[in-house]
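Contents: one structure, followed by commentary.
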Amino acid sequence: MKILEQLGLSEKEAAVYTSLLNLGTSEVREIGTIAEIKRPTVYFCLERLAHAGLVETTVKRGKKAYTAVEPSELLKILQTQKVQIEAKEKGLLKAIPKLEALARHGSVATEVRVYEGVPSLWKLINELLHNRKDFFFLYSGASVLQFTTLAQLLKKFTKKRRQIGGSKVYAISDRNPINERRFREGDTDFRELRFLSKPISFESIFCLCGNKIVLVSLKGIPKAVVIENEPMAAIMKFLFWSLWESLPQW
């Protein structure tokens with residue numbers, strides 16, 4: 001019967017059990033004949049059924065005889081399985097965080113976050129500053145100067161960076177009077193700037209800090225997209241240094 005197999009009995013164990021229900025108390029030879037199973041296999045099945053509590057052993061005329069317990073006892077098997085499944089479920093729930101940690105360790109994690117508006121950008125700046133990593137910038141000086149609010153934010157960034165320490169800025173931009181004046185007045189231990197040979201004009205800023213790639217859009221409400229990924233950051237840093245080294249020192 002399929003229902004017995006669904007409870008965990010093998011096909012032959014189910015055949016032995018149902019044969020015993022038909023026969024009543026019987027010996028191995030009789031069981032094997034009705035179930036059409038060889039005697040060694042019948043012994044094996046009877047041991048398994050006895051262990052499950054579905055068969056009882058008695059002595060009949062000096063020989064072992066076997067009796068199938070009432071079918072209602074099958075419910076106990078189901079209840080036992082239910083308890084075992086619940087225990088396995090609890091164990092799995094405890095193990096899942098460890099398994100997820102192994103998965104993260106075996107692959108490179110990528111996190112993408114969006115910051116919108118000046119207050120949100122200031123929050124991002126503080127997060128980056130506390131990493132105490134160097135900053136790599138590429139931007140259009142003329143475009144940045146058009147945004148008064150952003151210029152004020154950059155001044156706060158410079159002041160806070162001096163307070164926290166531990167990081168230096170490497171910036172690539174196009175030539176303009178304010179950029180050049182800032183460079184002349186700057187401390188090269190704190191900031192270095194190299195100029196492109198041609199003017200550029202795009203309303204965005206590229207920034208790299210540690211394993212974070214930051215792309216800032218200046219059009220409309222300022223918005224930053226942060227991609228946190230070690231291999232991606234590594235190749236962007238390589239590209240930045242390649243461009244940096246191709247530009248003349250001031």
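So which residues in the stretch 1-27 are buried (at least 19 other Cβ atoms within 10 Å of the Cβ) and of a type in the set (Val, Ile, Thr)? Spell out how you get there, then give the answer.
Pass one, the stretch 1-27, residues buried (at least 19 other Cβ atoms within 10 Å of the Cβ): 4, 9, 13-17, 19-20, 26.
Of everything in the stretch 1-27, just one residue is buried (at least 19 other Cβ atoms within 10 Å of the Cβ) and of a type in the set (Val, Ile, Thr), namely VAL16.
State which residue is farthest from LYS123 (Cα to Cα) when the search covers only the stretch 217-250 and only residues that are touching an Asp or Glu at 6+ places or on another chain (Cβ under 8 Å) and exposed (fewer than 14 other Cβ atoms within 10 Å of the Cβ).
Here the residue is LYS219.
Looking at VAL169, is it in contact with a Lys or Arg (Cβ under 9 Å, 6 or more places away or on another chain), modelled with pLDDT of 85 or more, within 22 Å of PHE238 (Cα to Cα) and aliphatic (A, V, I, L, M)? Reasoning before the result, please.
On the way: in contact with a Lys or Arg (Cβ under 9 Å, 6 or more places away or on another chain): yes; modelled with pLDDT of 85 or more: yes; within 22 Å of PHE238 (Cα to Cα): yes; aliphatic (A, V, I, L, M): yes.
Answer is yes for this residue.
So is VAL114 touching a strand residue (DSSP E or B) at 6+ places or on another chain (Cβ under 7 Å) and either at pLDDT 85 or above or over 20 Å from ILE213 (Cβ atoms) (or both) or not?
Values: touching a strand residue (DSSP E or B) at 6+ places or on another chain (Cβ under 7 Å): yes; either at pLDDT 85 or above or over 20 Å from ILE213 (Cβ atoms) (or both): yes.
In short, yes.
Which of the numbered conditions does ILE37 fail, given that it passes all the others? Conditions: (1) at pLDDT 90 or above; (2) over 20 Å from LYS2 (Cβ atoms).
Among (1) at pLDDT 90 or above; (2) over 20 Å from LYS2 (Cβ atoms), ILE37 violates only (2).
Which residue is nearest to LYS12 (Cα to Cα), if the candidates are limited to the stretch 36-77 and must be loosely packed, with under 12 Cβ neighbours inside 10 Å and among the hydrophobic types (A, V, I, L, M, F, W, C)?
Step by step, filter the stretch 36-77, then rank; the result is LEU75.
Of all residues being closer than 20 Å to GLN81 by Cα and in contact (Cβ under 8 Å) with a residue 12 or more places away in the chain in the stretch 10-45, which is nearest to the chain's Cα centre (by Cα)? Just the residue, please. Let's see the steps before the verdict.
Residues of the stretch 10-45 that are closer than 20 Å to GLN81 by Cα, as a first pass: 10-11, 13-14, 17, 45.
With the extra rule that they be in contact (Cβ under 8 Å) with a residue 12 or more places away in the chain, the set shrinks to 10, 13-14, 17, 45.
Details: SER10: 40, GLU13: 44, ALA14: 44, TYR17: 48, CYS45: 46 Å.
Going through the qualifying residues, I end up with SER10.
Looking only at the stretch 149-157, decide whether some residue is more than 21 Å from VAL118 (Cα to Cα) and either outside any strand (DSSP E or B) or modelled with pLDDT under 85 (or both).
Let us first name the residues in the stretch 149-157 that are more than 21 Å from VAL118 (Cα to Cα), namely none.
Within the stretch 149-157 (the criterion being more than 21 Å from VAL118 (Cα to Cα) and either outside any strand (DSSP E or B) or modelled with pLDDT under 85 (or both)), the answer is no, since none of the residues qualifies.
Among the numbered criteria (1) surrounded by 17 or more Cβ atoms within 10 Å (Cβ to Cβ); (2) at pLDDT below 90, which one does ASN211 miss?
Of the numbered conditions (1) surrounded by 17 or more Cβ atoms within 10 Å (Cβ to Cβ); (2) at pLDDT below 90, the odd one out for ASN211 is (2).
Please go through the stretch 55-76 and give me each residue that is modelled with pLDDT of 80 or more and either within 19 Å of PHE44 (Cα to Cα) or more than 54 Å from the chain's Cα centre (by Cα) (or both), ordered by number.
VAL55, GLU56, THR57, THR58, VAL59, LYS63, LYS64, ALA65, TYR66, THR67, ALA68, VAL69
Could you please find all residues in the stretch 213-250 being in a helix (DSSP H, G or I) and closer than 25 Å to ARG175 by Cα?
Pass one, the stretch 213-250, residues in a helix (DSSP H, G or I): 230-246.
Of everything in the stretch 213-250, those that are in a helix (DSSP H, G or I) and closer than 25 Å to ARG175 by Cα turn out to be MET236, LYS237, PHE238, LEU239, PHE240, TRP241, SER242, LEU243, TRP244, GLU245, SER246.
The values are calculated or read from the model by the stated rules, or taken from the named source; none is laboratory data. Keep in mind it's a predicted model, so treat the numbers as computed, not measured. Counting neighbours? That spans all protein chains shown, and the Cβs are built from the backbone with ideal geometry, glycine included.
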